[in-house]
Structure formats: structure tokens, C-alpha cells
Amino acid sequence: MATIATTGNKGKGVRSDCSLTLEITQQGGIQTELISKVKVLYGESILRLCHEILTFYGIEHARLTVEDSGALEFVIAARLEAAIRQLTGEEKEYLPAMLPQNTYQTARDRYRFSRLYLPGNTPSLMINAGIHKPNGIILDLEDAVAVTKKAEARFLVRNALRALDFYGAERMVRINQVPAGLEDLDYIIPHNVNLILVPKCESADQIAQVNRRIAELKIKNNIEGNVWLMPIIESALGVLKALEIAQSENVVALAIGLEDYTADLGTRRTNEGTESFFARSMVVNACKAAGIQAIDSVFSDVADMEALKQNVLRSKALGFDGMGCIHPRQIRVIHDNFAPDEAEIDKAKKIVNAFMEATEKGLGVVSLGTKMIDPPVVKRAQRTIDLAVSMGKLSSGWRDAFLENQKA
């Protein structure tokens, strides 16, 4: 078994992280070296934390070097625990306190216009992500993490779920591809994750495996809350299996990943999206048939906001309910253009008002002009109204003004 382990990140451009080198020795007690620009201010607290963690794991003799670049405590703890467990095989966890504001659950049908991807091994990108108000924050254990760093990233993501303020965003984690991703769940499910993204999904059986493992962990850890699933369709086979995946237990949305999908086709992704029109339409129709949300792929050009806007409008026109983003500056454009426009709001007001009038008159049939209005149409219109109100595009007392305008 190895006696030296190095975890974390260092070097030019690395912020809010640290690199630790731990050697377990036979004698000499605990010897520590701290290299940090903030050593004068925080050196004692950093070393105190390290000694506390080493004591927690019963390590009496070791040499520890900490190269700090402004890491918060939950990051240092994750890095040191990863090193200790790599060397000792110990399974007990050193857990930071769970922030009280991180204990919320999320609804099955909550708005998911935007979900912001953050690399699961890069703490600097996590720390203030919630202030940009994405609907969801994804801590990514899959493509955004190097293969050699995946094991230690699990500790960082686990600690972030407990100690990082998400500002009310849906707390999401993208695991690795099944079956490898099943091991990721051990580090995530006990810590109030709201939603799991399942990448490169190609069958309902993969979702069943995830559900079984989640159920086992919920029993083991006395968890009662829901853990939702968002499979990501990223291959031709996944597209053709979209409906059975969408109908699986706990699935609340399907996402499509166009980079991997176009690679599977052997074609090139374009802004116009003609090469992915069939796949995106299949995913949307599978979602609508299953009664869940359809979530479009990320837009990779973070500098072109006009191209992003046009992409969002095409996505919305196809029937998608949201999309991924890879930079905070994309969030506002996504929200503004997935939100109902004035024409949609005006139409929704007319439909909902007609329904209210019919209800007030005790009528069983709702009509608008010469057209009959079915209940699903009313429900969709009410959702548009609710969304417009929640986004500040419509007053909660809109009907009074609407009726006044009708009289004028």
C-alpha cells in the first residue's frame, strides 16, 4: 500500500483550492508545512483543521505539506480526507456541517429554464455560482473531471452539497456513466441532493439501476425526500429509446447532449441545428408523452449572446422547457427568452379569464369566442400566467386590470 498521496490542484490560475501531500510515517509525530499567501491571517486555523482531521482518522505520525491558494475549509477537508482514505482504506467520513439553508426539497415540476454546469473538482467556480440565480446548479463528476481526479472530486462535491450556499437553486450532480456512476451515488445521496443527471443514457434499465441504488441508500441513511432524475440522451440509441427512458420512475426531465450525439452520428454540430432536429424532436415528443420536461443541450459559444438568443428561441419553438449553460452570463439570456412573451401572456389571460367566467356562471363548458377550450389548454394558460407573475412580467392582480380594459 502507498505511503504518500497528493490531492488537489496547484499552479498558475488555480484559486480557492489547495494541493496536499501526505506521507504516513512510523514515528516523529505530525509534521506540517504550510505554503500560503494568507498564512499570517489564516495559517493557524488551516493547520488546526488539518490536525483535527488527522486525529479524527487516528493518524499519529505523518508529514503533511499544504500549498494553499485561498481554499475554504470544506475544500481543505475534502482534499485531506481524500488523501487519508487513499492511503488507509478508511471508510468513515469527516463531514462539514450541513448549512440550514441547504435542506430544502424541490418539486417535480419546478421551472428548469437554466442549469449551470460546474466542474466537480474546481472549487473556485462553485463558490459564488448561486448568486447568478440559475434554476439549477450542476456539480459535474463526469466529463468536466479528469479521470485521475474523479475519486477525489467525489469528496469535494459531497462537501459542497453540505457547506456551499446554493441560494435556492436546485442542487444537481451529474454522475459518471452507469455502471461506474453508481459508486458516485454513495457520496451524494446522503447529502440532500435534489436531482441526479444520468449521462449517456441508452435504456430504461440504466435508470432502474440508479433508482435501486438510490433506494438502498435512502433506507441506509433514513432519507425520506425525493431524489429526481434527469437522464441525458447523447447517442443515436438513446434517441430511439427516449420514450422508455422518459417513462421511468423518478424521471422529471430528459436532457439532450448534442456534442456527444453529433459525434455518434459522425457529423458536426451547427448553430442552426439541422443535424440534430430529428433527435431534439424525438426527445421533446418523448417528454410530452411522458408528462415530463424536455431540456435542450448547452450552447458552447459563451461570447455570442445573440446566437444564444436565437438558439433559445428555436429551442422553445421545438417545445423544450429549458437548456443547459456553461457560463453565468448565459443565464439571463436563457431566462428572458424561455419566459412567455407579451403575445403568449395576452392569449393566456384571455383563456384563463374565460375559464373563470364559466366557473363563476356554473357552466361546464369553456369557450373563447367561437372556440371551445379544453382543460389542458386552460392548464397550460394558467401555467403561463403563473410563470409571468413569478418573473415579474405580470401583476398578481392582472384580472382586475384585464376586466377594466374589456369594459373600455
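Below, the figures for the structure above:
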| read-out | value |
| --- | --- |
| Helices (runs of 4 or more DSSP H) lying entirely in the stretch 275-394 (those with 3 or more residues that are open to solvent by less than 40 Å² (accessible area, probe 1.4 Å) and over 15 Å from ASN135 (Cβ atoms)) | 277-290, 305-318, 342-360, 375-390 |
| Among the residues listed as THR88, THR25, THR103, the single one being open to solvent by 70 Å² or more (accessible area, probe 1.4 Å) and hydroxyl-bearing (Ser, Thr, Tyr) | THR103 |
| Inter-residue pairs, beta-carbon under 9 Å, first at negative phi and in the stretch 395-407, second surrounded by 10 or more Cβ atoms within 10 Å (Cβ to Cβ) and among the polar types (S, T, N, Q), 6+ apart | ARG399/ASN353; ALA401/SER395; PHE402/ASN353; LEU403/ASN353; GLN406/ASN353 |
| Subset of the stretch 1-36 (residues that are β-branched (Val, Ile, Thr) and either in contact (Cβ under 8 Å) with a residue 60 or more places away in the chain or part of a strand (DSSP E or B) (or both)) | THR3, ILE4, THR6, THR7, VAL14, THR21, ILE24, ILE30, THR32, ILE35 |
| Residue check, TYR104 modelled with pLDDT under 95 and assigned to a loop (DSSP other than H, G, I, E, B) | no |
| From the options ASN194, ASN271, residue that is surrounded by 17 or more Cβ atoms within 10 Å (Cβ to Cβ) and either under 21 Å from the mean Cα position of the chain (by Cα) or within 30 Å of ASP304 (Cα to Cα) (or both) | ASN194 |
| Some residue of the stretch 219-242 being in contact with a Pro (Cβ under 6 Å, 6 or more places away or on another chain) and surrounded by fewer than 22 Cβ atoms within 10 Å (Cβ to Cβ) | yes |
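The values are calculated or read from the model by the stated rules, or taken from the named source; none is laboratory data. None of the values given here were measured: they were computed from a predicted structure. Neighbour counts are summed over all protein chains in view; Cβ atoms, including those assigned to glycine, are modelled from backbone coordinates with ideal geometry. Ligands, DNA and RNA are stripped out before the accessible areas are found, and what is left, the full protein with its side chains, is counted by its heavy atoms. Shrake-Rupley method; radii C 1.70, N 1.55, O 1.52, S 1.80 Å.
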